[in-house]
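Worksheet: the structure to be examined is printed underneath.
We did not get these values from a lab; they are worked out from the coordinates using the rules stated. None of these values were measured; they are calculated from a predicted model. When we count neighbours, we look across all protein chains shown, and the Cβ atoms used for this are built from the backbone with ideal geometry, even at glycine.
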Amino acid sequence: MRYVTRLTLIFGAIWALLLALSFGAAFFSLRAGLETHVLHLLKDDAASLAKLYDSGTTGKLPATGGTYISVYDFSGEPLVLDEPDHRIPAEVITTADQKEPRVYRTPAFAAAYITTSVGVLAVSQDLTFISRLTRNMARTATLAFLLTLPLGWLLVRFGVRWASRPLREAAEAVAARRGADLSPIPYDGPDDELGQIISRFNDLLAELRRSRERERVFLAEVSHELRTPLTVLMGHLERLRKNPADEGALAAAERTARHLTRLVGDLLALARGEAERNVNPHIVDLAELAGNVAAGFPGVAFAARSHPEVLGDPDRLVQMLRNLVANAVRAAGRPEGVRVVVGDNDECTWVEVQDDGPGIDPEVLPHLFERFARGPEGGTGLGLAIAKQIAEAHEGRIVVSSEPGRTVFRVELPGLEG
């Protein structure tokens, strides 16, 4: 069953129930009001006639408007009975009061009776007119109900279709989509719950588009990163084939192979999450470890303000620092523009990798450590994503500050006492 049909049935049933309750309330209110009014008039007439009888002016009776007057002795036997069908039982008459009229009621008639000096006076009136009136009203209400109900259902149907139009259009737009279409869902409705859902859905589509674009750029960059060293490696191997004793070609081939090994390792680590899972902690001298990493990039400056120790995986920490230094060298354009500094304070142990490159674009900075995000000054960004994973695996973090001429990647790790 369609959503609009379900809503129409639900609200149509509510409409029918409210309509029936309204007509029922009006019917019973009218009947109760008429009966109450008649009884009130009968009591007034009985009280007024009792005063006349007690004053001895019984010949001057007011018009009763269709009422009947009866007089009973104090034992309950009728002395005057205008309407035999309106006789009140003797056991009821004997309960009459001299001060306030009492009421006796049957489905056919109602009477008010009161004690006077000549006996018990009763004023009665036929109630069948109320039954006739309410029956006529019931027929009219039923006819009105039968006429109003379909009109109400049509209005409910129209209202539901109008209110659900944005939802219907959005559903049709989603149903017509192909898997590759990630454009926003059009919506021109109010900013209600549905509008918020569609807005959030469009945000997710935008994120998917960005992820797809990052993946496309990532694949292109990885292809380039792999193709270039492979071409270089093939060249060195060709030189070695021609001259097996060429030690320079052999050393260059080894460096290129190591670079390829690191790149493939980064890809595997990022894909498998190994940087987060495989941590083998040891007590590590952070200054010694960072100094060794800096020495692997001739020209990179190193300074140790202290020799703090941390509990961490030496291989992972070396991988993290090597990725940060390689990123800084690429950003600065030369190793001499990079400086590695180690220190500690009361809060943490830290390593800073500084470079004097052009800085990082403010639009790139928030996405710097995301998977498939393009790294500053080109590159795949794999190294930074893995560095962040390794820092978090050691309960630490990496913070970045950048401006033209100075960029600092600061790794903060808990010390042994932290």
- Message: Using a Gaussian network model on the chain with a 10 Å cutoff between Cα atoms, which of Arg157, Arg135, Arg322 fluctuates the most?
- Response: Arg135
- Item | In order through region 337-347: 3J(HN,Hα) via Karplus (6.51 cos²θ - 1.76 cosθ + 1.60), integer Hz, x for Gly, Pro | x, 10, 9, 10, 10, 10, x, 8, 8, 5, 9
- Item | Separation of the His282 and Thr94 label points, Cα + 7 Å toward Cβ, nm | 11.7 nm
- Note on the structure: Taking 102-109, 395-402 and ranking on average Cβ neighbours within 10 Å, highest first, one gets 395-402, 102-109
- Query: Could you state the number of Å between the C-alpha centres of region 68-114 and region 242-261?
  - Reply: 129 Å
- Query: Taking amide H positions as placed 1.01 Å from N in the peptide plane, with prolines and chain starts having none, which residues 5 or more places from Thr349, or on another chain, fall under 5 Å of its amide H?
  - Reply: Leu413, Gly415
- Query: What ranking, highest mean first, results for peptides 45-53, 31-39 when packing means the other Cβ atoms within 10 Å averaged over each residue?
  - Reply: 45-53, 31-39
- Query: Near the amide H of Arg397, under 5 Å away, which other amide H atoms are found, from residues 5 or more places off or on another chain, if H is placed in the peptide plane?
  - Reply: Glu412
- Can you list residues whose amide H is under 5 Å from Phe109's amide H, if they're 5+ apart or on another chain and H is modeled 1.01 Å from N? Leu127
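For Cα pairs less than 8 Å apart in space and 6+ apart in sequence, what is the mean separation divided by the residue count of region 42-187, i.e. the relative contact order in percent?
Computed value for region 42-187: 21 percent relative contact order.
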- Options Gly265, Leu41, Val341, ranked by Cα towards positive dipole end of the chain, top entry (Cβ charges): Leu41
- Tell me, Met137, Met234 in order of fewest to most beta-carbon neighbours within 10 Å? Met234, Met137
- Message: For Cα pairs less than 8 Å apart in space and 6+ apart in sequence, what is the mean separation divided by the residue count of the chain, i.e. the relative contact order in percent?
- Response: 10 percent
- Message: Let me make sure I get this right: for region 3-151, a, b and c are the square roots of the gyration tensor eigenvalues over alpha carbons, sorted descending. Under 1.5 in a/c it's rounded, otherwise prolate if a/b > b/c, else oblate. Which is it?
- Response: prolate
- Task: Output ³J(HN,Hα) for region 384-397: one whole-Hz value per residue in order, computed from phi by the Karplus curve 6.51 cos²θ - 1.76 cosθ + 1.60 with θ = phi - 60°, and x for Gly and Pro.
- Result: 5, 4, 5, 4, 5, 4, 5, 4, 5, 5, 9, 6, x, 7
- Query: So what J values fall out for region 95-111 if you push phi through Karplus, 6.51 cos²θ - 1.76 cosθ + 1.60 with θ = phi - 60°, rounded to Hz, Gly and Pro as x?
  - Reply: 8, 4, 10, 7, 9, 10, x, 10, 10, 10, 9, 10, x, 8, 8, 9, 9
- For Leu237 and Ala301, FRET efficiency with R0 = 35 Å and r from the beta-carbon atoms, rounded to 0.05? 0.50
- Message: Which of Gly76, Gly383, Gly291 ends up with the largest GNM mean-square fluctuation for the chain, with Cα atoms connected below 10 Å?
- Response: Gly76
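With Cβ to Cβ distances under 15 Å as the rule, what net charge do the other residues near Gly248 carry (K, R +1; D, E -1)?
0
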- Before rounding to the nearest 500, sum -39500 (n - 2.57) across all DSSP H runs of length at least 4 in the chain and divide by the residue total; then give [θ] at 222 nm in deg cm²/dmol. -19000 deg cm²/dmol
